[in-house]
Amino acid sequence: MDWGRAKNVLIYAFLLLNLVLGYQLWNDLREQADSSLDITALENNTQRAMDEKQIRVLAKIPNEAPELPKIAYRFINGGQQGNLTDLPTPVDSKLIFSPRDLTAALKDSLPGIEGYRYDEVASSSEVFVLHPLVDGKWPLFKIELKLFNSNQKMISYQLQEIEITYPEEEKPQRVLSASKALGNLVENFLPEGSVVTEVELGYYGELFDSDAHLPAAPAWRFMLENGTEYYVQGISGDVISPNTEKTKE
């Protein structure tokens, strides 16, 4: 055996392994940096409140703060409750779907499914919950398409069908940043020991059983580890209480 050549091969192999491991470590650190809240970006009062109340943030905090308009919507074809309808053919289901998988599984049985987004945190093994998308991107929270499962088959759905309009007087406005919305929650609303597990920008509108057009504004949704949800309106900064669902300033 040519030990010199073997030694060189081992050296090159270790160098390559170190390069791969180094790249993986760099990629992991970059993802952590992208997914973590920069505590220094919060005001001093918020930082102190997080320490004093032992609040943790495990979710990725989005950096985006787009300009979005307020919208209006009204319920059609069944009203707020929605109609329970059997799928033409039961569809195989699984406990956890990616949005793409769910759309692919239902596109033939439920036309228009591409205009909805799967909400994992609101779903269970018996019911999958989806929200309609505003402009194909922003979920309209509280408006739901529910898929019902039985014996590992999706067999029926219940749809709150709506019509979305864009009032001419409502001009796009810069949405409050997620970090500022979080600061408001930490200082004034979140109880001690809270753990924030998800942050997402969408639209939130009050639910009324009415044929009239109902207003909806951009809002940040904050989900806690215990299942509690908070909404911070993206324009006014008002907070929707999870218990009373009344707006608080």
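The values are calculated or read from the model by the stated rules, or taken from the named source; none is laboratory data. All values reported here derive from a predicted model rather than from experimental measurement. Reconstructed Cβ throughout: ideal geometry from the backbone, glycine too, with neighbour counts over all protein chains shown. To get the accessible areas, we keep the full protein, side chains included, count just its heavy atoms, and leave off ligands, DNA and RNA. Shrake-Rupley method; radii C 1.70, N 1.55, O 1.52, S 1.80 Å.
Values computed for the structure shown
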quantity: Meets criteria (open to solvent by 60 Å² or more (accessible area, probe 1.4 Å) and modelled with pLDDT under 90) for Q32; calculated: yes
quantity: Any chance L176 is touching a strand residue (DSSP E or B) at 6+ places or on another chain (Cβ under 6 Å) and at pLDDT 90 or above; calculated: no
quantity: Residue pairs meeting the criteria (Cβ under 7 Å; at least 6 apart or on separate chains; first among the polar types (S, T, N, Q), in segment 182-199; second part of a strand (DSSP E or B)); calculated: N184/V232; N184/V239; S194/L224; T197/M223; T197/L224
quantity: All positions within segment 98-113 that are exposed (fewer than 14 other Cβ atoms within 10 Å of the Cβ), under 19 Å from F141 (Cα atoms) and either touching a residue at least 60 places away in the same chain (Cβ under 8 Å) or in contact with a helix residue (DSSP H, G or I) (Cβ under 7 Å, 6 or more places away or on another chain) (or both); calculated: none
quantity: Matching residues, segment 169-187, being more than 18 Å from the chain's Cα centre (by Cα) and either open to solvent by less than 60 Å² (accessible area, probe 1.4 Å) or farther than 11 Å from K53 by Cβ (or both); calculated: E169, E170, K171, P172, Q173, R174, G183, N184, V186
quantity: Selected residue [farther than 30 Å from S179 by Cα, of a type in the set (S, T, N, Q) and modelled with pLDDT under 75] from N18, N77; calculated: N18
quantity: Residues located in segment 129-168, provided they are on the phi > 0 side of the Ramachandran plot and either open to solvent by 50 Å² or more (accessible area, probe 1.4 Å) or β-branched (V, I, T) (or both); calculated: D135, G136, N151, Q152
